[in-house]
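Enquirer: Sharing a structure here in C-alpha cells format.
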Amino acid sequence: MNKTLLIIAIVFLIINLFFFKNSETLNAGRAMIYIIIFPLFWVATLITVRILAFKNRKEWFSKEMKISTIAFLILCTPLSIWGFSALTRPEMQLIGTSYNPRNGITIKTETWNYNSGQTAVTKFWKIDTENWTSTTENDFKKDSVWIYLDKKGDTLRIEKYKNDQLVERTEYKK
C-alpha cells in the first residue's frame with residue numbers, strides 16, 4: 001500500500017472538509033473567496049502529487065502498489081470531493097424563503113426543490129406582526145395548504161394547517 005499517498009489523500013480531504021465547513025459559516029459575499037481558494041488548493045495538490053508520482057514512479061506503479069497508488073491519486077483530486085458530495089447530497093433542498101408582510105400579518109414561504117429542479121413542496125407560515133416589535137423564526141406558525149409533490153410533479157400529500165396545527169392531511173397513492 002502507498003502510505004505516502006494515503007497520508008496526502010487524508011490531509012487533502014480533511015482540508016477540503018475544513019474549507020467547506022468554514023465557507024458554510026460565511027455570508028454569501030465572504031464565502032466567494034472559496035471560489036479562488038478551492039481551485040488554488042486543488043491545483044497545488046495536483047502539482048505536488050504529480051511531481052511525487054513522477055519521482056517515485058518505479059516504486060508507486062510497481063505491481064504491488066499500482067492499485068493503491070491509482071486509488072489514492074484519485075482521492076487527491078476534486079473528483080473524490082464531487083463524488084462524495086453527489087452521494088451525500090440530500091434528495092431535496094431549500095431553494096428560497098420569502099416574507100410577505102400585509103395588513104399586520106407576515107406570511108413566510110419556503111420552496112423546496114428536488115435536485116432535478118422540480119418543486120418538492122411549498123410551505124407557509126403566518127405571524128401577526130401588527131403588535132410585535134421583534135420577530136424570531138420561532139414565532140411563525142404553520143399555516144395554509146402545503147402540497148408535497150413527487151419528482152414527476154404529481155401530488156403525494158396535501159396538508160392543511162391553521163395556527164400551527166395540522167387540520168387535515170390527505171395522502172395520494174401512486
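Enquirer: Label the stretch 1-77 by shape, choosing from rounded, prolate and oblate, from the square roots a ≥ b ≥ c of the eigenvalues of the Cα gyration tensor; if a/c is under 1.5 it is rounded, and otherwise prolate applies when a/b is larger than b/c, oblate when it is not.
Expert: Working: a/c = 4.40, a/b = 2.58, b/c = 1.70.
The shape class here is prolate.
Enquirer: Could you name the lysines in cross-link range of Lys162, using Cα to Cα under 23 Å and dropping any fewer than eight places away on the same chain?
Expert: Filter leaves Lys108, Lys123, Lys126, Lys141, Lys142.
Enquirer: Here's another thing I want to ask about it. I'd like to check one number: the per residue accessible area of the chain, probe 1.4 Å, reported in Å² as a whole number.
Expert: I get 71 Å² per residue for the chain.
Enquirer: Once you list every other residue whose beta carbon is under 12 Å from the beta carbon of Leu73, what net charge do they have if Lys and Arg are +1 and Asp and Glu are -1?
Expert: +3
Enquirer: Counting other Cβ atoms within 10 Å of each Cβ, which trypsin sites (Lys or Arg not before Pro) in the stretch 1-74 have at most 10 and sit in a DSSP loop?
Expert: Counting only loop positions with at most 10 other Cβ atoms within 10 Å, the trypsin sites (Lys or Arg not before Pro) in the stretch 1-74 are Lys63.
The values are calculated or read from the model by the stated rules, or taken from the named source; none is laboratory data. Owing to the predicted nature of the structure, the values given are computational and were not obtained by experimental measurement. Virtual Cβ from ideal backbone geometry, glycine too; neighbours counted across all protein chains shown. Each accessible area value is taken on the protein alone, full model and side chains, heavy atoms only, with ligands, DNA and RNA left out. Shrake-Rupley method; radii C 1.70, N 1.55, O 1.52, S 1.80 Å.
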